[in-house]
Amino acid sequence: MSDVFTLRGPVKKDRPEPAKRSVTRKSLDGQELGTVDLEPTIFGIQPNMAVLHQVIKAQLAAKRSGTQSTKTRKEVSGGGRKPFNQKGTGSARQGTIRAPQYPGGGIALGPKPRKYDQKTPKKMIRLALFSALSDRAEMERVCLIDGFSTWSQPKTKEALVALSALGLDGKVLVVLTREDDVAYHSFANLQNVKTIDAGEINAYDILDADWIVFTDATLPVARETN
């Protein structure tokens with residue numbers, strides 16, 4: 001009697017349940033206004049380091065200008081005639097003084113303008129973003145404030161006072177809406193603070209900052225699906 005073998009596909013690893021985390025909601029003067037539960041599927045997943053590496057690498061590559069350029073032998077001016085006779089000189093034959101081996105000649109296989117963009121699936125970009133947010137939430141480096149409605153005009157001094165009252169140090173990433181124009185200009189002169197629109201938040205800027213500051217309007221929440 002022959003043995004019977006059952007063919008099975010690759011075993012899919014069980015993903016751990018998202019962790020439930022919360023953040024203290026504060027005002028700009030540092031007063032605690034309560035506790036807010038963070039969305040587990042955004043702030044509580046286990047960071048995928050491989051996806052983070054690939055997405056951030058693609059993002060940095062897209063920032064490269066790609067404008068470097070060198071001239072080939074046909075693009076260098078001059079060198080229209082042979083430098084010397086074909087035979088009788090004892091030297092190797094040469095066709096032009098603009099060949100790569102001559103000083104001032106063209107560059108062989110030199111760089112030309114190109115794009116360094118890498119195609120990255122939207123699901124990977126979203127997973128990398130959630131992984132970065134979960135990493136900062138696990139480190140308790142997420143700050144939530146009620147908003148910037150108390151600021152009537154841009155003042156760097158008020159921005160410094162707010163950062164001190166909130167206990168934020170190091171690099172700070174402030175996520176704003178398009179209506180937060182006063183806050184944008186208030187933080188503009190601070191070298192350790194970077195502002196970003198809520199629609200442009202990405203994994204690289206999150207991991208590059210020590211603190212992430214959200215308002216009630218910019219805090220990511222789960223989207224309802226039909």
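The values are calculated or read from the model by the stated rules, or taken from the named source; none is laboratory data. Values in this document were obtained by computation on a predicted structure and should not be read as measured data. Positions of Cβ are backbone-derived with ideal geometry, glycine not excepted, and every protein chain shown enters the neighbour counts.
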*Name every residue in the stretch 198-226 that is free of Cβ contacts under 8 Å to residues at least 60 places away in the same chain and farther than 22 Å from Val161 by Cα, in order of residue number.*
Ala198, Gly199, Glu200, Asp205, Asp208, Arg223, Glu224, Thr225, Asn226
_What's the number of the only condition in (1) free of Cβ contacts under 8 Å to residues at least 12 places away in the same chain; (2) charged (D, E, K, R); (3) closer than 30 Å to Asp208 by Cα that Lys57 fails to meet?_
(1)
_Going through Ile107, Ile125, Ile45 one at a time, which residue ends up being of a type outside the set (Phe, Trp, Tyr) and outside any loop (DSSP other than H, G, I, E, B)?_
Ile125
*Only one residue in Val172, Val193 is of a type outside the set (Phe, Trp, Tyr), within 25 Å of Asp37 (Cβ to Cβ), assigned by TED's automatic domain parsing to the domain that holds Glu140 and surrounded by 18 or more Cβ atoms within 10 Å (Cβ to Cβ), so which one is that?*
Val172
_Could you go through the stretch 117-133 and let me know if any residue there is more than 30 Å from Leu60 (Cα to Cα), out of contact with any Phe, Trp or Tyr (no Cβ under 9 Å at 6 or more places or on another chain) and modelled with pLDDT of 90 or more._
no
*Can you pull out the residues in the stretch 129-152 that are of a type in the set (S, T, N, Q) and not in a helix (DSSP H, G or I)?*
Ser149, Thr150, Ser152
*Residues satisfying the stated conditions in the stretch 153-168, i.e. part of a loop (DSSP other than H, G, I, E, B) and either over 17 Å from Ser27 (Cα atoms) or touching a helix residue (DSSP H, G or I) at 6+ places or on another chain (Cβ under 7 Å) (or both)*: Gln153, Pro154, Lys155
_Those residues of the stretch 97-142 which are touching a Lys or Arg at 6+ places or on another chain (Cβ under 8 Å) and of a type outside the set (Gly, Ala, Ser), in sequence order_ = Arg98, Pro100, Ile107, Tyr116, Gln118, Glu138, Val142
*Examine the stretch 18-34 for a residue that is free of Cβ contacts under 8 Å to residues at least 60 places away in the same chain, over 19 Å from Ala203 (Cα atoms) and surrounded by 13 or more Cβ atoms within 10 Å (Cβ to Cβ), and state whether such a residue exists.*
yes
*Residue list for the stretch 44-89, restricted to those being over 30 Å from Ile206 (Cα atoms) and crowded, with 16+ Cβ neighbours inside 10 Å*: Arg73, Val76, Gly79
